[in-house]
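Read through the structure below, which is laid out as C-alpha cells, and then see the notes.
The values are calculated or read from the model by the stated rules, or taken from the named source; none is laboratory data. Keep in mind that this is a model prediction, so the values were computed, not measured. Note that each Cβ is placed from the backbone with ideal geometry, even for glycine, and that neighbours are counted across all protein chains shown. Note: areas computed on protein heavy atoms with side chains; ligands, DNA, RNA excluded. Shrake-Rupley method; radii C 1.70, N 1.55, O 1.52, S 1.80 Å.
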Amino acid sequence: MPEFLHLDLPDEAATAALAARVAARARPGDAVLLEGPLGAGKSSFSRAFLRAASGDPALEVPSPTFTLVQEYALPGATAFHFDLWRLDGPRGLVELGWEEAREGIVLVEWPDRLGALRPAEALHLVLAPGASEGARLATLRGWPDRLAGLAA
Ligand SMILES: Nc1ncnc2c1ncn2[C@@H]1O[C@H](COP(=O)(O)OP(=O)(O)O)[C@@H](O)[C@H]1O
Ligand SMILES: [Mg+2]
C-alpha cells in the first residue's frame, strides 16, 4: 500500500471536504499533525474538521493562537485544537494538558514544537501552496489502515 497520499485541493471547499473525511475516521487517541507555512490552511482545515465532527456547520472555532489550545466536546470524543507557534518548550505543553488531551483527538498546528512528545503514530498532513491563489497541495502520511479512504 502506498505510504503517501497526494491530493490537489483546488479551493477551500476541497480542503473542508478532506477535513470531513478525516473527521469521519478519527477516534479517541488519534493525533492529526498539521504542517505548512503561515496561511497554508491548517486552521481552515481544523475548523472544517471540528464543524464536521460536531455536526454543527456554524460551530465557533476561534484560533488558538494565544490560548494555544481550544477544547471541543464532540459526540464520540473530546477534541483539542492546538496551535503551538508560541509554545515555550515541552514543559509548557504538559502544563497545557497534553497528556489528558491525548486521550481524545488532538489537532496540532506547528507540531515541530512537540519535540519528544510527538506521537509515534499520527496522521501527518502537509499543506503547500498550489498553482493558483485558492489552491493547495496536500500530502498525507500515517494511518496505514485508513489512509486510502481519505482520497476523494
Ligand atoms: N484551498 C484552501 N485551503 C485552505 N485555505 C485556503 C484555501 N484557499 C484559500 N484559503 C485561505 O487561506 C487562508 C488559510 O489561513 P489559515 O487556515 O489561518 O492558515 P494557517 O493556519 O495554516 O496559518 C484562509 O484565509 C483561507 O480562506
Ligand atoms: Mg493557523
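Counting the residues of the stretch 81-103 that are of a type in the set (A, V, I, L, M, F, W, C) and either touching a residue at least 60 places away in the same chain (Cβ under 8 Å) or away from ligand 1 (no atom under 16 Å from the Cβ) (or both) gives 5. Of the candidates 61, 106, the single residue that is of a type in the set (A, V, I, L, M, F, W, C), open to solvent by less than 30 Å² (accessible area, probe 1.4 Å) and within 14 Å of ligand 1 (Cβ to nearest atom) is 61. The one condition from (1) of a type outside the set (Phe, Trp, Tyr); (2) in a loop (DSSP other than H, G, I, E, B); (3) within 28 Å of residue 144 (Cβ to Cβ); (4) within 16 Å of ligand 2 (Cβ to nearest atom) that residue 15 does not meet is (2). Of the candidates 36, 130, the single residue that is within 16 Å of ligand 2 (Cβ to nearest atom) and in contact (Cβ under 8 Å) with a residue 60 or more places away in the chain is 36. One residue alone among 45, 49 is in a helix (DSSP H, G or I), touching a residue at least 60 places away in the same chain (Cβ under 8 Å) and among the aromatic types (Phe, Trp, Tyr), and that residue is 45. Checked against the criterion of being part of a loop (DSSP other than H, G, I, E, B), of a type in the set (Gly, Ala, Ser) and in contact (Cβ under 8 Å) with a residue 24 or more places away in the chain, the candidates 76, 149, 115 yield just one match: 76. Looking only at residues in the stretch 52-73 that are part of a loop (DSSP other than H, G, I, E, B) and among the aliphatic types (A, V, I, L, M), the one that is farthest from ligand 2 (Cβ to nearest atom) is 58.
Conditions (1) in contact with a Ser or Thr (Cβ under 8 Å, 6 or more places away or on another chain); (2) exposed (fewer than 15 other Cβ atoms within 10 Å of the Cβ); (3) at pLDDT 95 or above, marked per residue:
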{"site": "6", "(1), (2), (3)": "yes, yes, yes"}
{"site": "19", "(1), (2), (3)": "yes, no, yes"}
{"site": "45", "(1), (2), (3)": "yes, no, yes"}
{"site": "68", "(1), (2), (3)": "no, no, yes"}
{"site": "84", "(1), (2), (3)": "no, no, yes"}
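The residue that is farthest from the chain's Cα centre (by Cα), counting only those in the stretch 121-131 that are at pLDDT 95 or above and open to solvent by 30 Å² or more (accessible area, probe 1.4 Å), is 129.
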